[in-house]
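Working notes for the structure below.
The values are calculated or read from the model by the stated rules, or taken from the named source; none is laboratory data. Computed from a prediction, not measured in an experiment: that's the story for all the values here. When we count neighbours, we look across all protein chains shown, and the Cβ atoms used for this are built from the backbone with ideal geometry, even at glycine. The protein model used for the area step is the full one, side chains on, heavy atoms only, and it has no ligands, DNA or RNA in it. Shrake-Rupley method; radii C 1.70, N 1.55, O 1.52, S 1.80 Å.
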Amino acid sequence: MGAASPPTALMPAKTSKMKETAKGSYNGACSVFVGESFLKNHKRVFLRQLWQDLRDSISIDSISSIQEDVQLVLGTMRDLGDFDISCIEELLKSLFSQATAYDKVRSSNSEKASKEILARQLDEAKDRLHTTQGREHKETLQVQVTNNDLESIKKERAALKVRVGQLRSSLKRQRELLHTVQTEICEINEEIAAIENTSPLSDDLVEELCASAELLEDAKEKLNDLDPFD
């Protein structure tokens, strides 16, 4: 008979498996800890960039429109618990309050303009009207000439069908251009009427709007100088 086979080593294999299980549990706990730190650090980086983007996007005419976005960022910073945002909240409260006041003054006088602006706009509109009316006269004469040519050519239609087609296409384009010019003239006339009927801003309202804009600009600069991440 052949030599007997050596006994199978069962116990060492079981012990090795238990060690691997314990090692895996330890590594899992470490991974959770490292993962939380990793996530938190990336949240800070994301919030820093988000805050910078919001701060850079602030302009006098758009402050009110980003108020909800700013509150969302502040809420996330507050939830993260790594930032003291009390100073920022006070500055933002003042900034949005001044922005509301500015928007109110601006919206209440949105249909008014200074005397100088109205005069310049009126002169420019009249110049454009004069130029466009010259174009209208030119195009009208061209339409008349082309139409007369078309009537003459129709008499020789049998021999000049190709020419008739070309003239019809030309006439169509010219009529479309004439219609466009006439429409533009109507729009310019409406613009002139609107300018002439617009009441100019009073000097007091101009000063009030300028003062409100200066306060809003100061608040914006203070906010730009404050970095909660430093």
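Just name the residue that is nearest to Ile185 (Cα to Cα) out of those in the range 139-175 that are open to solvent by 60 Å² or more (accessible area, probe 1.4 Å) and hydrophobic (A, V, I, L, M, F, W, C).
Of all residues in the range 139-175, those open to solvent by 60 Å² or more (accessible area, probe 1.4 Å) come to 141-142, 144-145, 148-149, 151-152, 154-159, 161-163, 166, 168, 172-173, 175.
With hydrophobic (A, V, I, L, M, F, W, C) added as a condition, the list becomes 141, 145, 158-159, 162.
Details: Leu141: 17, Val145: 22, Ala158: 40, Ala159: 40, Val162: 35 Å.
Restricting to residues being open to solvent by 60 Å² or more (accessible area, probe 1.4 Å) and hydrophobic (A, V, I, L, M, F, W, C), the top hit is Leu141.
Total residues in the range 83-98 satisfying the condition of being open to solvent by 70 Å² or more (accessible area, probe 1.4 Å), touching a residue at least 12 places away in the same chain (Cβ under 8 Å) and in a helix (DSSP H, G or I): the figure is 1.
Looking across Glu190, Glu184, one residue alone is open to solvent by 100 Å² or more (accessible area, probe 1.4 Å) and part of a helix (DSSP H, G or I). It is Glu190. Pairs meeting the criteria (first residue in the range 112-133 and of a type in the set (D, E, K, R), second residue modelled with pLDDT under 90, beta carbons under 7 Å, at least 6 apart or on different chains) are Lys112/Thr198; Lys112/Ser199; Lys112/Pro200; Lys112/Leu201; Lys115/Pro200.
So is Asn109 at pLDDT below 70 and surrounded by 15 or more Cβ atoms within 10 Å (Cβ to Cβ) or not? Explain how you work it out, then say what you get.
Details: at pLDDT below 70: yes; surrounded by 15 or more Cβ atoms within 10 Å (Cβ to Cβ): yes.
Taking the combined requirement at face value, the residue satisfies it.
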